[in-house]
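Below is one structure, written out as structure tokens, with a few remarks after it.
Laboratory data are not the source of any read-out in this text; all were calculated from the coordinates shown. All of these numbers come straight from a predicted model, not from anything done at the bench. Heads up, the Cβs are rebuilt from the backbone with ideal geometry, glycines too, and the neighbour counts pull from every protein chain shown.
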Amino acid sequence: MHKPSPPLEGPDAFQNQIRIVLVETSHSGNIGAVARAMKNMGLANLWLVNPNSFPDEASYARAAGASDILDRAQVTPTLDKALEDCVMVMGTSARGRKVPWPVVPPPEAAAIAAEQSHAGPVALVFGRENHGLSNDELHRCHYHIHIPSNPDYSSLNLAMAVQIMCYELRMLFLRSLEGGEGSPYLRPMLAPGDAGWDVPPAKVGDVEGFFGHLEQTLHDVDFHRRDNPRQLMSRLRRLFQRAKLDQMEINILRGVLSAVQKAAGVSGNTKQTQAGSEPTGQEDGHV
Ligand code: SAH
């Protein structure tokens, strides 16, 4: 897929102020998977509170190409240490707790985190694989984030929960680019004329030239006798208009029609005069 070059993620990008904090992770492989999830989404600041085992082989194996995130990870003995210079703390939880707390879904949480990141570091805190964050840890958070999973099976793998939050932050970042219009990466590329398509869209005159050529060819091969010719052309027009042809496709189609005319023993290009335009090359099937 041809897309414009990726956006620059300079030192001011808010991602640099987002801190992913993992509390007492038991499986070091999950730490590696978190590093990978972060780097995929353009985040880099990983803090590990009293991990069971780190650094080790399993974490680096699961990090794949994101070992730099692990190299730079900060390891601290306590959650307090990881949070002390932050201006906001958001704790993730798979389930509701005894004392209800302000809770936000991931997209809104990302928006709040991005907003607050202008003032200083914002921590997103993730709990242990077996029993999440303690109530005490959750009470250190300004907000709780709940990923709205299946209530009967609500607990995601740690790295997957991190991935969802990092993805939301990335989407927010991409939407904010180009004066708020959003990154070209967010715009679908569906047809000629969309940014990234490899051939310019066919001009109306060229498409009309093709329709004239098509009608003439259908006439040359006696196809129109098998149907109502008027309706046939409207339906064929509708079909090709729906396809939004590009210039090369027009040339290919006209090359096909010329070959059909030749095989039918009529010379191509002389009778299809309705809309006038001539094919512009690459019409011999060698494309
Ligand atoms: N069994 C634990 C869940 C641990 S999952 C419990 O019931 O709390 C490990 C971590 O992944 C959680 O502490 C949380 O940080 C994150 N997580 C998993 N599922 C989540 C969800 N649905 N919403 C928010 N965070 C989730």
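Quick look at the values:
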| read-out | value |
| --- | --- |
| Aspartates and glutamates with Cα under 13 Å of Lys262, excluding same-chain neighbours fewer than 8 positions away | Asp220, Glu283, Asp284 |
| Karplus-derived HN-Hα couplings along region 101-115 (A = 6.51, B = -1.76, C = 1.60, θ = phi - 60°), whole Hz, x at Gly and Pro | 10, x, 10, 10, x, x, x, 5, 4, 4, 5, 5, 4, 5, 4 |
| Karplus (6.51, -1.76, 1.60) ³J(HN,Hα), θ = phi - 60°, over region 21-36, in Hz, Gly and Pro reported as x | 10, 10, 9, 6, 5, 7, 9, 5, x, 5, 5, x, 5, 5, 4, 5 |
| Förster-model FRET efficiency, 51 Å R0, Glu208 and Ala111, C-beta, rounded to 0.05 | 0.55 |
| Cα-centred dipole magnitude for the chain, charges only on beta-carbon of K, R (+1) and D, E (-1), debye, nearest 20 | 880 |
| Furthest towards positive pole of dipole, Gly209, Ile18, Val104, structure part the chain, Cβ charges | Gly209 |
| Bridge type composition, region 14-186 - antiparallel percent by DSSP, nearest 5 | 5 |
| Local electrostatic count, Arg128, Cβ distance below 11 Å [Lys/Arg +1, Asp/Glu -1] | -3 |
| Sequence-distant residues sharing a close amide H with Asn45 (under 5 Å, placed H) | Ile20 |
| Computed lengthening from Ser267 to Asn130, 0.36 nm per intervening residue step minus Cα-Cα distance | 41.5 nm |
| Taking the C-alpha atoms of the chain, convex hull volume expressed per residue in Å³ | 203 |
| Residue exposure sequence - Arg19, Arg254, Arg140 - by fewest surrounding Cβ within 10 Å | Arg140, Arg19, Arg254 |
| Stretch gain in nm, segment Gln231-Trp101, where the contour uses 0.36 nm per residue and the Cα spacing is subtracted | 40.3 nm |
| Positive-end residue of Asn50, Ala33, Gln74, charge dipole of region 15-91 with Cβ unit charges | Ala33 |
| Relative contact order %, region 14-186, counting alpha carbon pairs below 8 Å whose residues are six or more apart | 28 |
| Full-extension gain in nm, Ala119 to Leu186, via 0.36 nm per residue minus C-alpha separation | 21.4 nm |
| Rg to Rh, two decimals, where region 1-130 supplies the alpha carbon set and Rh follows Kirkwood | 0.98 |
| Mean ellipticity per residue at 222 nm, deg cm²/dmol - from DSSP H runs of n ≥ 4 across the chain, formula -39500 (n - 2.57) | -12000 deg cm²/dmol |
| Region 17-140, dipole about Cα centre (Lys/Arg Cβ +1, Asp/Glu Cβ -1), debye to the nearest 20 | 280 |
| In nm, spacing of pseudo-spin labels at Val75 and Glu178 (7 Å Cα→C-beta vector) | 4.4 |
